[in-house]
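The values are calculated or read from the model by the stated rules, or taken from the named source; none is laboratory data. Values in this document were obtained by computation on a predicted structure and should not be read as measured data. When we count neighbours, we look across all protein chains shown, and the Cβ atoms used for this are built from the backbone with ideal geometry, even at glycine.
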């Protein structure tokens, strides 16, 4: 039985997750894994050698060569044949995301993050400088803390939240790229929420939070809204 592939380290989630030609009516979808995307980014965008890339990703140079060749083949198929390129999945782990200042989550706790600004829900996810974290168990608050994002931007915030052990995010507006990153990280999203952070977190605990699943950075707070029904279970995606 072959050994499972060794996890490859990536710096952060992408800003953009899907690419397609406006001129093509093909339904073919090519899946580029996140480790393949990272190899393209490090070698073609950052100018690293394959040996340097291997050091950053924590694998052998021959492994990087195979990952890179696979990624370039998919890029060629997309550019030449008009196939849609979708990024996601793969055998990877996130590099250090700067969460030493975040208190560990209790065993079996659920951790809720809220984009935070002076007691209220900050309305632009990609520019938030603070999150307020609420740890809950069996619907009861066990601890809370306000943490800085250490200057993380759009693509890196989802990685920061994943490493911080966050299970669910409450926010205002949020772009599609960030939504894709949160989904990849296994973090449940409740967007389009306004008002006091504490009230929203407690409403989520009680299964009564009003939110807008269609909220984006340029459209939030105008829909009919939905009420969440929290059953105490959150999906976790582990990349092994």
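Residues in region 44-66: is at least one closer than 28 Å to residue 174 by Cβ and surrounded by 14 or more Cβ atoms within 10 Å (Cβ to Cβ)? Full working, then the answer.
If we filter region 44-66 for residues that are closer than 28 Å to residue 174 by Cβ, which is where we start, we get 45-46.
From what is left, the residues that are surrounded by 14 or more Cβ atoms within 10 Å (Cβ to Cβ) are none.
Taking every residue of region 44-66 in turn, none turns out to be closer than 28 Å to residue 174 by Cβ and surrounded by 14 or more Cβ atoms within 10 Å (Cβ to Cβ).
Somewhere in region 70-78, is a residue within 19 Å of residue 93 (Cβ to Cβ), crowded, with 18+ Cβ neighbours inside 10 Å and within 24 Å of the chain's Cα centre (by Cα)?
Yes, the conditions are met somewhere in region 70-78.
What pairs come out if I take residues in region 6-28 that are closer than 30 Å to residue 162 by Cα and pair them with residues that are modelled with pLDDT under 90 and assigned to a loop (DSSP other than H, G, I, E, B) whose C-beta lies under 6 Å away, six or more apart or interchain?
From residues that are closer than 30 Å to residue 162 by Cα, the pairs are 9/95; 11/95.
Per-residue answers, yes or no, for (1) surrounded by 21 or more Cβ atoms within 10 Å (Cβ to Cβ); (2) over 14 Å from the mean Cα position of the chain (by Cα); (3) on the phi > 0 side of the Ramachandran plot:
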site	(1), (2), (3)
162	yes, no, no
168	yes, no, no
183	no, no, no
200	yes, yes, no
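Does residue 182 qualify as being in contact with a helix residue (DSSP H, G or I) (Cβ under 9 Å, 6 or more places away or on another chain) and at pLDDT 60 or above? First the steps, then the outcome.
Details: in contact with a helix residue (DSSP H, G or I) (Cβ under 9 Å, 6 or more places away or on another chain): yes; at pLDDT 60 or above: yes.
Yes: the conditions hold for residue 182.
What is the one condition in (1) surrounded by fewer than 22 Cβ atoms within 10 Å (Cβ to Cβ); (2) touching a residue at least 12 places away in the same chain (Cβ under 8 Å); (3) closer than 20 Å to residue 180 by Cα that residue 130 does not satisfy?
(3)
Assess whether residue 148 counts as being outside the structural domain of residue 18 (by TED's automatic domain parsing), surrounded by fewer than 16 Cβ atoms within 10 Å (Cβ to Cβ), more than 19 Å from residue 18 (Cβ to Cβ) and without any contact (Cβ under 8 Å) to a residue 60 or more places away in the chain.
Considered against the rule, which asks whether it is outside the structural domain of residue 18 (by TED's automatic domain parsing), surrounded by fewer than 16 Cβ atoms within 10 Å (Cβ to Cβ), more than 19 Å from residue 18 (Cβ to Cβ) and without any contact (Cβ under 8 Å) to a residue 60 or more places away in the chain, residue 148 comes out as yes.
If residue 96 satisfies all but one of (1) modelled with pLDDT of 90 or more; (2) within 23 Å of the chain's Cα centre (by Cα), what's the number of the condition it fails?
(1)
For region 5-21, which residues satisfy the criterion of being more than 15 Å from residue 41 (Cα to Cα) and touching a strand residue (DSSP E or B) at 6+ places or on another chain (Cβ under 6 Å)?
Within region 5-21, 7, 18, 19, 20 qualify.
Yes or no, residue by residue, for (1) in contact with a helix residue (DSSP H, G or I) (Cβ under 7 Å, 6 or more places away or on another chain); (2) under 22 Å from residue 76 (Cα atoms); (3) not in a loop (DSSP other than H, G, I, E, B):
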{"position": "16", "(1), (2), (3)": "yes, yes, no"}
{"position": "26", "(1), (2), (3)": "no, yes, no"}
{"position": "42", "(1), (2), (3)": "yes, yes, yes"}
{"position": "65", "(1), (2), (3)": "yes, yes, yes"}
